[in-house]
Amino acid sequence: MIDIAMDKFIPVCEPLLAGNELKYVTEAVETGWISSSGKFVTQFEGQFAAYSDCKFGVAVCNGTIALHLALLALGIGKDDEVIIPTFTMIASAFAVCYSGAKPVFVDADKDTWNIDVTKIEEKITPKTKAIMPVHIFGKMCDMDAIKALADKYHLYIIEDAAEAHGALYKGKKAGSFSDIAAFSFFANKNITTGEGGMVITNNKEVYDRARYFKNVCFPLDGPRNYQHDDIGYNYRMSNVVAAIGLAQVEKADDYRAMRIRNHELYKNYLADVPGIIFQSEPEEGCMDVCWMNTIVIDPVKYGHNKDELIAHLKENGIDTRLLFTGMHKQKAMKDFGCDCSGEYPVCEWLTENGFYLPSGSGLKINEIDSICKLIRDFYSRHI
Ligand SMILES: Cc1ncc(COP(=O)(O)O)c(C=O)c1O
């Protein structure tokens, strides 16, 4: 194994901009098309939607507002409830709050770490309007089960696919299962624009509503007479940002393969270290896109808890990140009036014992090797 030099720092995730990014951005700047009008916005929307097996895409400033726009496009608001996993990034819950609806929480499944589909039905009430499955770390939720519930109770599905660009469930792409899906292109995502987001849909009416609300409710077809019938938002993505996005989509399959390769290396190198738990393997016909390489530590078997391991990695120049704290534990959610009572043991186990390892698409094999060596050696030290 090759050791990392002591002065080398491995960040948890560096963006990889290895295609036409500079060329397209330069073109946007040189031609003066730097606002939200411009060919890169349209091309990025079209190509990312097509990559995700959807007809329509609406590019916006980030993934959080993509989720808000998705809710607006479906007309979800005051007095409605939306079911979300408690184990998610807070943006999923905040977006529901922005819409005026209430997030309702469901625990995670202990193997997939996605929403536990066996616990959704008990949370459905007459106020429930939608289920928001979140494909955690790039692993698709059990969409068959979610679709069956949505059909039974006439609910919308809004996929929070922020972490799952190009993931597959039984041969179908993330984002293509729902009435509308939201993606993030934050700097650590498999496809990035630094900051950015998109909603995608196959429904023309929903697409039009998303375009309408995104652009301060200017009429889509009428004259720009500055008459506005609804409260709108400026959620537009600039052509400069979309130029980066287009270059990234052109490389989407390469970047996806790199993330999957990273994950396989971590799993191989750590396979025989006791007490290291990974997210479950994808089922037949499914593909996880391994956004972040997350491990959960069993402190009894590993001999150290996750905080000790994180500190050890930090001393050796390895950056890590903690996992999400459950929505039911958030003061903001309690203050908003969400029901935060009940038990969420899987989420709490993940928060308590898990963390991310470096995961960028451009990570080198010898870097993963060295990180795993540190984890392995630290285990041996307690024996
Ligand atoms: C599951 C999930 N939803 C939503 C978001 C929000 O995306 P953004 O940071 O682009 O606003 C993120 C971002 O990391 C996320 O992981």
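The values are calculated or read from the model by the stated rules, or taken from the named source; none is laboratory data. Computed from a prediction, not measured in an experiment: that's the story for all the values here. Virtual Cβ from ideal backbone geometry, glycine too; neighbours counted across all protein chains shown. Calculation scope for accessible area: heavy atoms of the full protein, side chains included, ligands and nucleic acids excluded. Shrake-Rupley method; radii C 1.70, N 1.55, O 1.52, S 1.80 Å.
Tabulated data for the structure shown
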item: Accessible area per residue, Å², region 252-383 with all protein chains present, probe 1.4 Å; result: 46
item: Separation in nanometres of the label points that stand 7 Å from Cα toward Cβ, at A311 and V216; result: 5.3
item: Gain on full stretching of the segment that runs from S380 to L22 - 0.36 nm per residue minus C-alpha separation; result: 124.3 nm
item: Listed residue (Y233, G166, F183) projecting farthest to the positive dipole end of region 148-269, Cβ model; result: G166
item: Stokes-Einstein D (µm²/s) once Rh is taken as the Kirkwood radius of region 19-112 over alpha-carbon pairs, at 10 °C in 1.306 mPa s; result: 100
item: Rounded to the nearest 20 debye, dipole of region 302-356 from Cβ charges on Lys, Arg, Asp, Glu; result: 140
item: Inverse mean reciprocal Cα-Cα distance (Kirkwood Rh) of the chain, Å; result: 21.5
item: Average accessible area per residue (Å²) across region 1-137 - probe 1.4 Å, nucleic acids and ligands excluded; result: 43
item: Additional length obtainable on full extension of the chain from A148 to K373, 0.36 nm per residue less Cα span; result: 76.5 nm
item: Extended-chain gain in nm, criterion 0.36 nm per residue less alpha-carbon gap, D254 and K78; result: 59.1 nm
item: Estimated dipole of region 158-263 in Debye, rounded to 20 [Cβ of Lys and Arg +1, of Asp and Glu -1, Cα centre]; result: 360
item: Listed residue pairs exceeding 22 Å between alpha carbons, taken from K189/K373; K173/K204; K306/K334; result: K189/K373; K306/K334
item: Ordering of 167-179, 304-316 by packing [mean C-beta count within 10 Å, highest first]; result: 167-179, 304-316
item: Pairwise centroid distance, computed over Cα atoms, of region 319-383 with region 86-164, Å; result: 20
item: Options A311, L350, N268, ranked by Cα towards positive dipole end of region 254-383, top entry (Cβ charges); result: A311
item: Under 15 Å from the Cα of K127 - aspartates and glutamates, other chains or at least 8 residues apart; result: D79, D80, E81, D339
item: Surface share of carbon and sulfur [accessible, 1.4 angstrom probe, percent] for region 115-210; result: 52
item: Net charge over other residues, Cβ less than 13 angstrom from the Cβ of Y233 (K, R count +1; D, E count -1); result: +3
item: Selected from A243, S370, W33, residue furthest toward positive end of dipole (the chain; charges at beta carbon); result: W33
item: Charge context of I136, other residues only, Cβ under 11 angstrom, K/R +1, D/E -1; result: -3
item: Rounded to 5, percent antiparallel among DSSP beta bridges of the chain; result: 60
item: Calculated log₁₀ intensity ratio I(q)/I(0) where the Debye formula runs over C-alpha points of region 138-230, q = 0.15, 0.21, 0.22 Å⁻¹; result: -0.70, -1.04, -1.08
item: Net charge dipole size for region 236-367 [Lys, Arg +1 and Asp, Glu -1 on Cβ; Debye, nearest 20]; result: 480
